[in-house]
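Notes follow the structure.
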Amino acid sequence: MGSSNYQPTNKAVKWFEDRLPILGLMHSTLGAGYLAPRNLNYWWNFGSLAGFMLLVQIITGVILVMHYTPHVDMAFRAVEHIMRDVNYGWLIRYTHSNGASMFFVVVYIHILRGMYFGSYKSPREVLWFLGLVIYLLMMATGFMGYVLPWGQMSFWGATVITNLFGAFDFYEGMGESILHLLWGGFAVDNPTLQRFFSLHYLLPFVIVGVVILHIWALHLPGSNNPLGIDAKGPGDKIPFHPYYTAKDLFGLSFFIVILAIFIFYMPNIMGHPDNYIEANPMLTPAHIVPEWYYLPFYTILKAVPDKLFGVIAMFASILIFFVLPWLDGSKIRSAKFRPTTAFFFWLFLLNTLYLGYLGTKLPDEIMIDMAGGIDALTMGRISSVFYFAYFIVIVPLVSRMESTKPVPTSISQSVLDANKKG
Amino acid sequence: MTTKDQVEHEEEVTRRDFLYVATGAVGAVGAASVVWPLVDQMNPSADVLALASVEVDLSTIPEGQTVKILWRGKPIFIRHRTAKEIARGIAGNNDPMVDPANDQDRAVKPQWLIMVGICTHLGCVPLENTEFQLGEHGGWYCPCHGSDYDIAGRIRKGPAPRNLDLPEYTYLTDTTVKIG
């Protein structure tokens, strides 16, 4: 968001701009003043889609709060009241609940895009960190939001997740003290619901703040691109507006169709039927599953037989993304020119999806019917080991040893070469 | 007008250094004392603590039955154990265990087993398994991650790190117990 060359012609606009140069800031951030690489493909749409979903969640969320009561005796009824009595309440709530899932879909694709094209590599490490901070805040916000309807999955999900922090039991009673502090009682109860509500309302605005830093950090080096090489001359860049605003809006219209299919035709497919039963602290549902976007990490938690190390492994599986810029020692960013890296990237993606699938299974369910049957726990352990091996062994070795393909000298050169061949 | 003790040399501890450190230290204590109420408000409040004990009449619980009551927002299991179950608990005393305990130390009166009905793994409520319907140790079985407790609430198999917790309780009369 550096200096702007924005020159308003309208006198009133100029008067205002001289006193608060915010229009120039917008111009150089999301307007014609920001020059982006000319070769961005559709995978670069997901940043603006994530921004759109954040806006949708904040608008629908603020409206839902107008009809919701954060109290154990009233929360469940308030949600049913929204669904049945409030005008279009069903639409607003289904948009918010499915919107959370779609927000995660978009952000996961955005993160994977960054991994494949090397967007985390120098000089964009802090940009990558800020993205991970946004992701962690989203995880916390999503978890606390799921508790608010006060159904069985809300209650027991909250119980299991908060109990994770009881694993830090380094001296007698420490784990218990941490839990009492988190709950405001001796179990998940009304004080817990109220503080989760408060934080669920706060954190999205914290996310907005970090998003602004994320965009700021993006605009110093500028966007990465599918070739992963620096955009140099004016021939390599085009103005963000109208070229990428148009492309983003075109992608957005497709995305909204998908969002609408979920909201109108399968609004509960991402949820769990048990959450339409009011929370009951005396009865645990037979099978507790977190929301789908946490499942890979839940499998890693279950794969470790020790409580403390399971929790550490689960947190480590996310925090390890922070050191990815240094684990990857390649001089080339984009996996387009790193065939072995690309192969292992897809394997990593498949493995993580499989970890997520295993998260829905009971530990002793048979996954592969051979050698007397291999259960979900064993498969989870194998997949978890591969997950960490990808970061600790595969990426450091492959990035330093693989033979890469020739990289074009500039973005405009690669476009000209492609035209010659065609 | 410089007197001898006011001359400042480099790397010498001066009166000014002391004042910096002392001021900073007092400031830090002040900041911490302001932060503490903001943290401590999250701990259980006075009304939550006030509900911390409950009295139960045991005479209404027939032998071989378990009653679940709510204490501090947590389920409490009160099992009226049969003579056979007590014998089974004592017989298991020397089995290998994660958290070894004697059956005699698990209950003040052996026929009344009073425990917090919360799995010590991640807080689910274990299901009753005294007829060996679910697990192989015939006490309680946690549906969440498969922790298997015996008839004294001792963890025998699965991820839970401790036996089921025992609440503090005292017998007011032969058949009335005060939990908490």
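When each of B:ILE69, B:ILE78 is tested for being touching a strand residue (DSSP E or B) at 6+ places or on another chain (Cβ under 7 Å), away from chain A (no Cβ under 12 Å) and either surrounded by 15 or more Cβ atoms within 10 Å (Cβ to Cβ) or part of a strand (DSSP E or B) (or both), the lone residue that passes is B:ILE78. Scanning for something over 27 Å from A:VAL133 (Cβ atoms), more than 8 Å from chain B (Cβ to nearest Cβ) and open to solvent by 70 Å² or more (accessible area, probe 1.4 Å), does segment A:176-185 turn up at least one residue? Yes, segment A:176-185 contains at least one residue that is over 27 Å from A:VAL133 (Cβ atoms), more than 8 Å from chain B (Cβ to nearest Cβ) and open to solvent by 70 Å² or more (accessible area, probe 1.4 Å). In segment A:8-22, the residues that are under 17 Å from A:GLY33 (Cβ atoms) form Cβ pairs under 8 Å with partners that are basic (Lys, Arg), at six or more places apart or across chains, as follows: A:PRO8/A:LYS14.
Against the list (1) over 19 Å from A:GLY271 (Cα atoms); (2) in a loop (DSSP other than H, G, I, E, B), the condition A:LEU182 fails is (2).
Counting only helices (runs of 4 or more DSSP H) that sit completely within segment A:323-415, those holding 3 or more residues that are touching a residue at least 12 places away in the same chain (Cβ under 8 Å), closer than 30 Å to B:SER147 by Cα and in contact with a helix residue (DSSP H, G or I) (Cβ under 8 Å, 6 or more places away or on another chain) correspond to A:339-359, A:376-389. Take A:TYR6 and tell me if it is open to solvent by 50 Å² or more (accessible area, probe 1.4 Å), under 27 Å from A:PHE262 (Cβ atoms) and of a type in the set (Ser, Thr, Tyr). When the stated conditions are applied, A:TYR6 does not pass them.
Inspection of segment B:127-137 identifies no residue that is open to solvent by less than 10 Å² (accessible area, probe 1.4 Å), within 11 Å of another protein chain (Cβ to nearest Cβ) and in a loop (DSSP other than H, G, I, E, B). Being within 24 Å of B:TYR171 (Cβ to Cβ) and either away from chain A (no Cβ under 14 Å) or within 19 Å of the chain's Cα centre (by Cα) (or both) holds for only one residue in B:ALA87, B:ALA31, and it is B:ALA87. Selection within segment A:147-175: residues that are of a type outside the set (Gly, Ala, Ser), touching a residue at least 40 places away in the same chain (Cβ under 8 Å) and more than 13 Å from chain B (Cβ to nearest Cβ). The member of this set that is nearest to B:PRO75 (Cα to Cα) is A:TRP150.
Here the condition is being more than 20 Å from A:SER28 (Cβ to Cβ) and either surrounded by fewer than 18 Cβ atoms within 10 Å (Cβ to Cβ) or in contact with a Cys (Cβ under 7 Å, 6 or more places away or on another chain) (or both); of A:PRO242, A:PRO267, it holds for A:PRO267 alone. So B:GLY153 ticks every box in (1) assigned to a loop (DSSP other than H, G, I, E, B); (2) touching a helix residue (DSSP H, G or I) at 6+ places or on another chain (Cβ under 6 Å) but one. Which box is left unticked? Among (1) assigned to a loop (DSSP other than H, G, I, E, B); (2) touching a helix residue (DSSP H, G or I) at 6+ places or on another chain (Cβ under 6 Å), the lone unmet condition for B:GLY153 is (2).
Of the residues making up segment B:52-60, one or more are away from every other protein chain (no Cβ under 14 Å), in contact with a Lys or Arg (Cβ under 6 Å, 6 or more places away or on another chain) and either among the small types (Gly, Ala, Ser) or not in a helix (DSSP H, G or I) (or both).
Evaluated against (1) at pLDDT below 95; (2) over 30 Å from B:ARG162 (Cβ atoms), A:PHE321 falls short on exactly one condition, (1).
Please work out which residue is farthest from A:PHE309 (Cα to Cα), limiting yourself to segment B:156-180 and to residues that are among the hydrophobic types (A, V, I, L, M, F, W, C), more than 11 Å from chain A (Cβ to nearest Cβ) and not in a strand (DSSP E or B).
Only one residue tops the list, namely B:LEU172.
Open to solvent by less than 60 Å² (accessible area, probe 1.4 Å), in a loop (DSSP other than H, G, I, E, B) and closer than 18 Å to A:LEU283 by Cα - does that describe any residue in segment B:104-115?
No, there is no match, as no residue in segment B:104-115 is open to solvent by less than 60 Å² (accessible area, probe 1.4 Å), in a loop (DSSP other than H, G, I, E, B) and closer than 18 Å to A:LEU283 by Cα.
Give me a count of the residues in segment B:61-76 that are of a type outside the set (D, E, K, R) and in contact with a Lys or Arg (Cβ under 9 Å, 6 or more places away or on another chain).
Result for segment B:61-76: 7.
The residues of segment A:295-331 that are away from chain B (no Cβ under 14 Å) and open to solvent by 30 Å² or more (accessible area, probe 1.4 Å), listed by number, are A:ILE312, A:PHE315, A:ALA316, A:LEU319, A:PHE322, A:VAL323, A:TRP326, A:LEU327, A:GLY329, A:LYS331.
The values are calculated or read from the model by the stated rules, or taken from the named source; none is laboratory data. Just so we're clear, the structure is a prediction, and the values are computed from it rather than from any experiment. A quick note on method: Cβ atoms are made from the backbone with ideal geometry, for glycine too, and the neighbour counts reach across all protein chains shown. For accessibility, only protein heavy atoms count, side chains too; no ligands or nucleic acids. Shrake-Rupley method; radii C 1.70, N 1.55, O 1.52, S 1.80 Å.
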